[in-house]
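A short worksheet on the structure shown next.
The values are calculated or read from the model by the stated rules, or taken from the named source; none is laboratory data. Just so it is clear, the model here is predicted, and its values are computed rather than measured. Quick reminder, even Gly has a Cβ in these numbers, built from the backbone with ideal geometry, and neighbours come from all protein chains shown. Please note that ligands, DNA and RNA were not included when accessible areas were found on the heavy atoms of the full protein model with its side chains. Shrake-Rupley method; radii C 1.70, N 1.55, O 1.52, S 1.80 Å.
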Amino acid sequence: RLLPGAMLPQVGGGAPRSSENEAVIESCFRRLLASIESEREKIRQTWVSIDGDTKTTTVELDKLRQDTEEWCFAERHKVESEWKRLDRLREKMSVLYPNEKGQMLEINCSGRIFAFPKSSLCYIEGSYLNHMFSEAFVHKVPRDSKGRFFLDFNPACFALIVEYLQKAQFAPEAAPHVPPELQQSMDILAEALNIGIFLRPNRIQLDHVTSLSVKGNAVESTHQGWQLISAEDPLPLSGAAYFEMKVISNPDSSRGGLAVGLCGHKLGAKEIFTIGLPDAVWYVSNNGLVAGRQDDKSVISMENMQKKQQFKTGSVVGVKHDICTRSIQFYINRVSIGICTLNPELLDNFRVLFPVFALYVAGQTIAVDFAAICPSAAKGPPITGDRHAFG
(Lines give C-alpha, C1' and ligand atoms only; values in the text may rest on other atoms or scores of the structure.)
Protein backbone atom coordinates (compact mmCIF):
# COMPACT_ATOMS: atom_id res chain seq x y z
CA ARG A 1 0.00 0.00 0.00
CA LEU A 2 1.33 3.32 -1.06
CA LEU A 3 1.24 6.27 1.08
CA PRO A 4 -0.54 9.41 -0.25
CA GLY A 5 2.73 11.26 -0.66
CA ALA A 6 4.37 8.53 -2.63
CA MET A 7 3.14 10.00 -5.97
CA LEU A 8 4.41 13.51 -5.39
CA PRO A 9 7.87 12.97 -6.82
CA GLN A 10 6.36 11.64 -10.06
CA VAL A 11 3.81 14.45 -10.42
CA GLY A 12 6.38 17.05 -9.61
CA GLY A 13 8.87 15.45 -12.01
CA GLY A 14 6.56 16.06 -15.13
CA ALA A 15 6.64 19.86 -14.88
CA PRO A 16 10.26 20.36 -15.95
CA ARG A 17 9.80 18.19 -19.07
CA SER A 18 6.75 20.23 -20.13
CA SER A 19 8.69 23.51 -19.78
CA GLU A 20 11.57 22.10 -21.79
CA ASN A 21 9.20 21.10 -24.62
CA GLU A 22 7.64 24.54 -24.66
CA ALA A 23 11.06 26.15 -24.79
CA VAL A 24 12.07 23.90 -27.67
CA ILE A 25 8.83 24.65 -29.51
CA GLU A 26 9.22 28.37 -28.93
CA SER A 27 12.84 28.27 -30.08
CA CYS A 28 11.87 26.36 -33.22
CA PHE A 29 8.99 28.76 -33.88
CA ARG A 30 11.28 31.75 -33.55
CA ARG A 31 13.79 30.20 -35.89
CA LEU A 32 10.96 29.53 -38.32
CA LEU A 33 9.79 33.14 -38.11
CA ALA A 34 13.36 34.35 -38.60
CA SER A 35 13.76 32.05 -41.60
CA ILE A 36 10.46 33.25 -43.05
CA GLU A 37 11.45 36.90 -42.53
CA SER A 38 14.82 36.21 -44.10
CA GLU A 39 13.18 34.65 -47.13
CA ARG A 40 10.71 37.51 -47.30
CA GLU A 41 13.60 40.00 -47.27
CA LYS A 42 15.32 38.06 -50.01
CA ILE A 43 12.11 38.09 -52.06
CA ARG A 44 11.68 41.85 -51.44
CA GLN A 45 15.26 42.54 -52.49
CA THR A 46 14.75 40.35 -55.54
CA TRP A 47 11.62 42.33 -56.50
CA VAL A 48 13.48 45.60 -55.93
CA SER A 49 16.28 44.34 -58.16
CA ILE A 50 13.80 43.16 -60.80
CA ASP A 51 11.96 46.52 -60.64
CA GLY A 52 15.24 48.40 -61.01
CA ASP A 53 16.28 46.19 -63.91
CA THR A 54 12.85 46.69 -65.51
CA LYS A 55 13.11 50.45 -65.28
CA THR A 56 16.66 50.42 -66.62
CA THR A 57 15.64 48.10 -69.43
CA THR A 58 12.59 50.27 -70.23
CA VAL A 59 14.76 53.39 -70.42
CA GLU A 60 17.28 51.61 -72.62
CA LEU A 61 14.53 50.24 -74.88
CA ASP A 62 12.92 53.70 -75.15
CA LYS A 63 16.25 55.22 -76.07
CA LEU A 64 16.94 52.42 -78.53
CA ARG A 65 13.47 52.88 -80.07
CA GLN A 66 13.96 56.66 -80.27
CA ASP A 67 17.39 56.24 -81.83
CA THR A 68 15.95 53.72 -84.29
CA GLU A 69 13.05 56.00 -85.22
CA GLU A 70 15.40 58.96 -85.68
CA TRP A 71 17.72 56.87 -87.82
CA CYS A 72 14.79 55.57 -89.89
CA PHE A 73 13.42 59.12 -90.30
CA ALA A 74 16.81 60.44 -91.37
CA GLU A 75 17.31 57.59 -93.82
CA ARG A 76 13.77 57.96 -95.18
CA HIS A 77 14.38 61.69 -95.61
CA LYS A 78 17.59 60.93 -97.48
CA VAL A 79 15.81 58.47 -99.73
CA GLU A 80 12.91 60.87 -100.40
CA SER A 81 15.30 63.74 -101.08
CA GLU A 82 17.25 61.58 -103.49
CA TRP A 83 14.05 60.53 -105.28
CA LYS A 84 12.98 64.15 -105.58
CA ARG A 85 16.41 65.06 -106.92
CA LEU A 86 16.18 62.27 -109.45
CA ASP A 87 12.67 63.35 -110.44
CA ARG A 88 13.85 66.91 -110.96
CA LEU A 89 16.83 65.66 -112.91
CA ARG A 90 14.61 63.43 -115.06
CA GLU A 91 12.24 66.29 -115.82
CA LYS A 92 15.11 68.65 -116.51
CA MET A 93 16.85 66.16 -118.78
CA SER A 94 13.62 65.60 -120.70
CA VAL A 95 13.42 69.28 -121.71
CA LEU A 96 15.16 70.38 -124.88
CA TYR A 97 17.98 72.89 -124.52
CA PRO A 98 19.01 75.90 -126.63
CA ASN A 99 21.38 73.91 -128.86
CA GLU A 100 18.28 72.28 -130.42
CA LYS A 101 17.13 75.43 -132.18
CA GLY A 102 15.57 73.85 -135.20
CA GLN A 103 12.32 72.55 -133.75
CA MET A 104 9.41 74.98 -133.63
CA LEU A 105 6.33 74.76 -131.48
CA GLU A 106 3.06 75.63 -133.16
CA ILE A 107 0.36 76.35 -130.61
CA ASN A 108 -3.29 77.11 -131.05
CA CYS A 109 -4.15 79.10 -127.93
CA SER A 110 -7.94 79.50 -127.90
CA GLY A 111 -7.97 80.28 -131.62
CA ARG A 112 -4.84 82.44 -131.76
CA ILE A 113 -1.81 80.83 -133.40
CA PHE A 114 1.69 81.14 -131.95
CA ALA A 115 5.01 79.76 -133.17
CA PHE A 116 8.33 79.90 -131.34
CA PRO A 117 11.44 77.70 -130.91
CA LYS A 118 10.94 74.88 -128.45
CA SER A 119 14.38 75.61 -127.05
CA SER A 120 13.16 78.97 -125.71
CA LEU A 121 11.17 77.14 -123.03
CA CYS A 122 14.40 76.71 -121.08
CA TYR A 123 14.20 80.40 -120.21
CA ILE A 124 11.27 79.62 -117.94
CA GLU A 125 12.81 76.54 -116.39
CA GLY A 126 10.75 75.11 -113.56
CA SER A 127 7.43 76.24 -114.99
CA TYR A 128 4.69 73.79 -115.83
CA LEU A 129 4.72 75.12 -119.39
CA ASN A 130 8.32 73.99 -119.63
CA HIS A 131 7.38 70.51 -118.39
CA MET A 132 4.26 70.36 -120.55
CA PHE A 133 6.33 70.27 -123.74
CA SER A 134 9.09 68.04 -122.40
CA GLU A 135 9.51 64.55 -123.83
CA ALA A 136 7.95 63.08 -120.68
CA PHE A 137 4.62 64.92 -121.03
CA VAL A 138 4.28 66.36 -124.54
CA HIS A 139 2.22 63.38 -125.72
CA LYS A 140 -0.52 64.37 -123.25
CA VAL A 141 -1.02 67.85 -124.75
CA PRO A 142 -4.16 67.91 -126.97
CA ARG A 143 -3.93 68.93 -130.64
CA ASP A 144 -6.29 70.69 -133.00
CA SER A 145 -7.49 69.43 -136.38
CA LYS A 146 -4.26 70.61 -138.04
CA GLY A 147 -1.98 68.88 -135.57
CA ARG A 148 -1.04 72.00 -133.66
CA PHE A 149 -0.89 71.88 -129.87
CA PHE A 150 -4.08 73.27 -128.38
CA LEU A 151 -4.08 75.28 -125.12
CA ASP A 152 -7.24 76.64 -123.53
CA PHE A 153 -5.62 79.77 -122.04
CA ASN A 154 -6.35 83.47 -122.29
CA PRO A 155 -4.66 84.24 -125.66
CA ALA A 156 -3.78 87.82 -124.73
CA CYS A 157 -2.01 86.63 -121.58
CA PHE A 158 -0.29 83.79 -123.42
CA ALA A 159 0.91 86.36 -125.95
CA LEU A 160 2.73 88.14 -123.11
CA ILE A 161 4.45 84.87 -122.19
CA VAL A 162 5.50 84.30 -125.82
CA GLU A 163 6.74 87.87 -126.03
CA TYR A 164 8.86 87.30 -122.94
CA LEU A 165 10.25 84.05 -124.41
CA GLN A 166 11.34 85.93 -127.52
CA LYS A 167 13.20 88.54 -125.47
CA ALA A 168 14.45 86.35 -122.61
CA GLN A 169 17.70 85.30 -124.29
CA PHE A 170 18.72 88.96 -124.44
CA ALA A 171 17.17 90.28 -121.18
CA PRO A 172 16.09 87.33 -118.98
CA GLU A 173 15.55 89.53 -115.91
CA ALA A 174 13.35 92.10 -117.65
CA ALA A 175 9.87 91.81 -116.17
CA PRO A 176 7.14 91.98 -118.82
CA HIS A 177 4.63 94.80 -118.64
CA VAL A 178 1.09 93.58 -117.99
CA PRO A 179 -1.74 95.92 -119.05
CA PRO A 180 -4.20 96.65 -116.21
CA GLU A 181 -7.10 94.99 -118.03
CA LEU A 182 -5.12 91.72 -118.17
CA GLN A 183 -3.67 91.77 -114.67
CA GLN A 184 -6.20 89.44 -113.05
CA SER A 185 -6.13 86.92 -115.89
CA MET A 186 -2.32 87.09 -116.01
CA ASP A 187 -2.06 86.44 -112.28
CA ILE A 188 -4.24 83.37 -112.60
CA LEU A 189 -2.33 82.01 -115.60
CA ALA A 190 1.12 82.76 -114.19
CA GLU A 191 0.27 81.05 -110.91
CA ALA A 192 -1.25 78.06 -112.70
CA LEU A 193 1.86 77.65 -114.86
CA ASN A 194 4.31 78.73 -112.12
CA ILE A 195 6.06 81.23 -114.38
CA GLY A 196 8.37 82.97 -111.95
CA ILE A 197 9.07 86.13 -113.95
CA PHE A 198 5.40 87.07 -113.62
CA LEU A 199 5.41 86.12 -109.91
CA ARG A 200 8.20 88.39 -108.70
CA PRO A 201 8.04 89.69 -105.10
CA ASN A 202 6.49 93.12 -104.77
CA ARG A 203 8.42 96.12 -103.46
CA ILE A 204 8.16 99.86 -102.97
CA GLN A 205 8.20 101.91 -106.19
CA LEU A 206 11.75 102.58 -107.34
CA ASP A 207 11.24 105.33 -109.91
CA HIS A 208 9.47 107.79 -107.60
CA VAL A 209 10.10 111.54 -107.77
CA THR A 210 9.27 112.38 -104.16
CA SER A 211 11.58 113.61 -101.39
CA LEU A 212 10.91 110.39 -99.49
CA SER A 213 13.93 108.31 -98.52
CA VAL A 214 13.40 104.73 -99.69
CA LYS A 215 15.65 101.87 -98.56
CA GLY A 216 14.29 98.52 -99.64
CA ASN A 217 10.71 98.50 -98.38
CA ALA A 218 11.34 101.15 -95.71
CA VAL A 219 10.16 104.71 -96.38
CA GLU A 220 11.07 107.84 -94.41
CA SER A 221 9.58 111.32 -94.73
CA THR A 222 12.18 114.08 -94.87
CA HIS A 223 9.94 117.14 -95.35
CA GLN A 224 6.64 118.47 -94.07
CA GLY A 225 3.65 117.97 -96.37
CA TRP A 226 1.97 115.06 -98.12
CA GLN A 227 4.32 112.77 -100.03
CA LEU A 228 2.80 109.73 -101.73
CA ILE A 229 4.42 106.55 -102.99
CA SER A 230 3.04 103.29 -104.32
CA ALA A 231 4.19 99.72 -104.69
CA GLU A 232 6.08 98.71 -107.81
CA ASP A 233 3.42 96.15 -108.77
CA PRO A 234 -0.31 95.85 -108.09
CA LEU A 235 -1.76 93.29 -105.70
CA PRO A 236 -2.33 89.82 -107.15
CA LEU A 237 -5.93 89.53 -108.26
CA SER A 238 -6.18 85.75 -108.54
CA GLY A 239 -7.56 85.63 -105.00
CA ALA A 240 -7.55 87.52 -101.72
CA ALA A 241 -4.40 89.59 -101.09
CA TYR A 242 -2.94 91.23 -98.00
CA PHE A 243 0.00 93.43 -96.97
CA GLU A 244 1.14 95.22 -93.81
CA MET A 245 2.69 98.58 -92.98
CA LYS A 246 4.63 98.82 -89.72
CA VAL A 247 5.01 102.30 -88.23
CA ILE A 248 8.67 102.55 -87.28
CA SER A 249 8.39 106.18 -86.20
CA ASN A 250 5.53 108.67 -86.03
CA PRO A 251 6.63 111.81 -84.13
CA ASP A 252 3.11 113.27 -83.93
CA SER A 253 0.49 110.53 -84.22
CA SER A 254 -2.20 112.75 -82.66
CA ARG A 255 -2.17 114.97 -85.78
CA GLY A 256 -2.73 112.14 -88.22
CA GLY A 257 -0.70 112.77 -91.35
CA LEU A 258 -0.07 109.09 -92.13
CA ALA A 259 -2.20 106.99 -94.48
CA VAL A 260 -2.28 103.63 -96.25
CA GLY A 261 -4.64 102.26 -98.86
CA LEU A 262 -5.21 101.05 -102.42
CA CYS A 263 -5.30 102.91 -105.73
CA GLY A 264 -6.59 101.90 -109.16
CA HIS A 265 -3.39 102.96 -110.92
CA LYS A 266 0.31 103.49 -110.30
CA LEU A 267 1.00 106.99 -109.03
CA GLY A 268 2.30 109.51 -111.51
CA ALA A 269 4.65 112.44 -110.90
CA LYS A 270 1.77 114.93 -110.55
CA GLU A 271 -0.14 112.85 -107.98
CA ILE A 272 2.37 112.63 -105.17
CA PHE A 273 1.29 115.62 -103.08
CA THR A 274 -2.37 114.89 -102.29
CA ILE A 275 -4.42 111.96 -101.06
CA GLY A 276 -7.46 113.27 -102.96
CA LEU A 277 -7.15 110.74 -105.77
CA PRO A 278 -10.34 109.79 -107.61
CA ASP A 279 -9.68 106.04 -107.60
CA ALA A 280 -8.10 105.56 -104.17
CA VAL A 281 -9.34 104.30 -100.82
CA TRP A 282 -7.31 105.37 -97.76
CA TYR A 283 -7.38 104.97 -94.04
CA VAL A 284 -5.87 108.13 -92.54
CA SER A 285 -4.43 108.01 -89.04
CA ASN A 286 -6.56 109.74 -86.39
CA ASN A 287 -9.16 110.44 -89.05
CA GLY A 288 -10.74 107.44 -90.75
CA LEU A 289 -11.72 106.21 -94.18
CA VAL A 290 -11.13 108.58 -97.11
CA ALA A 291 -12.48 107.45 -100.49
CA GLY A 292 -12.24 109.05 -103.93
CA ARG A 293 -15.14 110.07 -106.15
CA GLN A 294 -15.74 109.50 -109.85
CA ASP A 295 -18.67 110.82 -111.88
CA ASP A 296 -19.98 112.33 -108.65
CA LYS A 297 -20.10 108.85 -107.12
CA SER A 298 -18.08 107.52 -104.22
CA VAL A 299 -15.79 104.66 -105.16
CA ILE A 300 -17.13 102.70 -102.19
CA SER A 301 -20.72 101.61 -101.80
CA MET A 302 -20.75 100.72 -98.10
CA GLU A 303 -18.45 100.75 -95.08
CA ASN A 304 -18.47 100.11 -91.35
CA MET A 305 -15.03 101.47 -90.53
CA GLN A 306 -14.01 102.59 -87.06
CA LYS A 307 -12.89 106.22 -86.93
CA LYS A 308 -10.08 108.10 -85.19
CA GLN A 309 -7.71 105.11 -85.08
CA GLN A 310 -4.13 106.33 -84.60
CA PHE A 311 -1.08 104.89 -86.32
CA LYS A 312 1.29 105.15 -83.38
CA THR A 313 4.95 104.17 -83.37
CA GLY A 314 5.09 100.39 -83.31
CA SER A 315 1.62 99.92 -84.79
CA VAL A 316 1.09 97.44 -87.62
CA VAL A 317 -1.58 98.40 -90.15
CA GLY A 318 -2.87 95.67 -92.47
CA VAL A 319 -4.89 95.95 -95.69
CA LYS A 320 -6.76 93.04 -97.28
CA HIS A 321 -8.51 92.97 -100.65
CA ASP A 322 -10.97 90.16 -101.39
CA ILE A 323 -11.46 89.70 -105.13
CA CYS A 324 -14.66 87.67 -104.62
CA THR A 325 -16.52 90.45 -102.78
CA ARG A 326 -14.39 93.37 -104.04
CA SER A 327 -14.07 94.50 -100.44
CA ILE A 328 -11.20 96.20 -98.62
CA GLN A 329 -10.58 95.43 -94.96
CA PHE A 330 -8.25 97.33 -92.63
CA TYR A 331 -6.47 95.96 -89.55
CA ILE A 332 -4.53 97.57 -86.71
CA ASN A 333 -2.17 95.24 -84.85
CA ARG A 334 -3.86 92.36 -86.71
CA VAL A 335 -7.33 93.21 -85.37
CA SER A 336 -9.96 94.28 -87.91
CA ILE A 337 -11.19 97.88 -87.64
CA GLY A 338 -13.76 97.61 -90.43
CA ILE A 339 -14.49 96.82 -94.04
CA CYS A 340 -15.68 98.70 -97.13
CA THR A 341 -16.93 97.53 -100.52
CA LEU A 342 -15.98 99.01 -103.88
CA ASN A 343 -18.83 100.55 -105.84
CA PRO A 344 -20.02 97.93 -108.39
CA GLU A 345 -20.70 100.68 -110.94
CA LEU A 346 -17.05 101.75 -110.90
CA LEU A 347 -15.26 98.38 -110.87
CA ASP A 348 -13.84 98.98 -114.35
CA ASN A 349 -11.62 101.60 -112.73
CA PHE A 350 -10.17 99.01 -110.34
CA ARG A 351 -8.82 96.36 -112.68
CA VAL A 352 -5.56 96.76 -110.78
CA LEU A 353 -5.01 97.80 -107.18
CA PHE A 354 -1.67 99.31 -106.16
CA PRO A 355 -0.78 99.55 -102.46
CA VAL A 356 -0.22 103.26 -101.70
CA PHE A 357 1.31 105.08 -98.75
CA ALA A 358 1.17 108.74 -97.74
CA LEU A 359 3.42 110.48 -95.19
CA TYR A 360 2.94 114.06 -93.99
CA VAL A 361 5.13 114.70 -90.92
CA ALA A 362 8.92 114.89 -91.27
CA GLY A 363 10.56 111.98 -89.47
CA GLN A 364 7.77 109.50 -90.09
CA THR A 365 9.14 106.09 -91.09
CA ILE A 366 7.29 102.98 -92.24
CA ALA A 367 8.30 99.48 -93.30
CA VAL A 368 6.10 97.51 -95.69
CA ASP A 369 5.76 93.72 -95.72
CA PHE A 370 4.11 92.44 -98.89
CA ALA A 371 4.56 88.80 -97.79
CA ALA A 372 2.76 89.16 -94.44
CA ILE A 373 0.07 86.56 -93.76
CA CYS A 374 -3.46 87.88 -93.26
CA PRO A 375 -4.92 87.28 -89.76
CA SER A 376 -8.11 85.86 -91.27
CA ALA A 377 -6.06 83.13 -93.00
CA ALA A 378 -4.95 81.49 -89.73
CA LYS A 379 -7.16 78.42 -90.38
CA GLY A 380 -6.89 78.31 -94.16
CA PRO A 381 -4.49 78.86 -97.03
CA PRO A 382 -2.13 81.82 -96.54
CA ILE A 383 -3.26 85.21 -97.90
CA THR A 384 -0.45 87.62 -98.79
CA GLY A 385 0.23 90.43 -101.22
CA ASP A 386 3.29 88.72 -102.67
CA ARG A 387 2.91 86.92 -106.00
CA HIS A 388 6.09 84.97 -105.21
CA ALA A 389 4.26 83.30 -102.31
CA PHE A 390 1.66 81.96 -104.71
CA GLY A 391 4.30 80.50 -106.96
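Mean shadow of segment 147-253, computed from the convex hull of its alpha carbons, in nm²?
Directional mean of the projected Cα hull area for segment 147-253 stands at 9.6 nm².
Suppose a student asked you for the relative contact order of segment 264-366, using Cα pairs under 8 Å spaced at least 6 residues apart; what percent would you report?
Result for segment 264-366 is 25 percent.
How would His177, His265 line up by accessible area, probe 1.4 Å, largest first?
The ordering from most to least exposed comes out as His177, His265.
Taking 8 Å as the Cα distance limit and 6 or more residues as the minimum spacing, I'd like the relative contact order of the chain as a percentage.
Value for the chain: 16 percent.
How large is the convex hull of the Cα atoms of segment 119-191 per residue, expressed in Å³ as a whole number?
Expressed per residue, the convex hull around the Cα atoms of segment 119-191 is 106 Å³.
Using a cut-off of 13 Å between beta-carbons, work out the net charge of the residues near Phe354 (Lys and Arg +1, Asp and Glu -1, Phe354 not included).
-1
Could you sort Asp279, Asp207 by accessible area so the largest value comes first, with the probe set to 1.4 Å?
Solvent-accessible surface, decreasing: Asp207, Asp279.
Check which residues have an amide H placed less than 5 Å from Ile300's amide H, if you skip close sequence neighbours.
Under 5 Å from the amide H of Ile300: Asn343.
With every protein chain in place, what's the accessible area of Ser336 (1.4 Å probe, Å², nearest 10)?
50 Å²
Quote the charge dipole size of the chain about the Cα centre in Debye, to the nearest 20; the model charges only the Cβ of Lys and Arg (+1) and of Asp and Glu (-1).
I would put it at about 240 debye.
Taking 7 Å along the Cα-to-C-beta vector as the label spot, tell me the Asn304-Asp348 distance in nanometres, rounded to one decimal.
3.2 nm
For a Förster distance of 51 Å, can you work out the FRET efficiency between the beta-carbons of Glu60 and Phe29, rounded to the nearest 0.05?
With a Förster radius of 51 Å, E is 0.65.
From the residues Asn108, Ser230, Ile366, which one has its Cα farthest along the dipole of the chain in the positive direction, the dipole being from +1 and -1 charges on Cβ of Lys/Arg and Asp/Glu about the Cα centre?
Ile366
May I ask you to evaluate 6.51 cos²θ - 1.76 cosθ + 1.60, the Karplus curve with θ = phi - 60°, for each residue of segment 141-146 and list the ³J(HN,Hα) values in order in whole Hz, giving x for glycine and proline?
7, x, 10, 8, 5, 9
Pull up the cross-link candidates among the aspartates and glutamates for Lys266, meaning alpha carbon to alpha carbon under 15 Å and not fewer than 8 places away within one chain.
By straight Cα distance, Lys266 reaches Glu181, Asp207, Glu232, Asp233, Asp279.
With an 8 Å cut-off on Cα pairs and a minimum separation of 6 or more residues, tell me the relative contact order of segment 204-348 in percent.
22 percent
Got a number for carbon plus sulfur as a percent of segment 133-186's accessible area, 1.4 Å probe?
53 percent
Compute a Gaussian network model of the chain, connecting alpha carbons closer than 10 Å, and tell me which residue from Ser19, Ser376, Ser211 fluctuates the most.
Highest fluctuation of the listed residues: Ser19.
What's the FRET efficiency of Arg148 with Ser81 using the Cβ-Cβ distance as r and R₀ = 41 Å, to the nearest 0.05?
Efficiency at R0 = 41 Å is approximately 0.55.
Given a 1.4 angstrom probe, what's the average accessible area per residue across the chain, in square angstrom?
Per-residue value: 56 Å².
Once Rh is set to the Kirkwood radius over Cα pairs, what Stokes-Einstein translational diffusion coefficient, in µm²/s, holds for the chain at a temperature of 10 °C and a viscosity of 1.306 mPa s?
58 µm²/s
Counting only protein heavy atoms and using a 1.4 Å probe, what share of the accessible area of segment 306-354 belongs to carbon plus sulfur, as a whole percent?
Here it works out to 50 percent.
Sort 252-261, 37-46 by packing, meaning the average of other beta carbons within 10 Å per residue, with the highest value first.
252-261, 37-46
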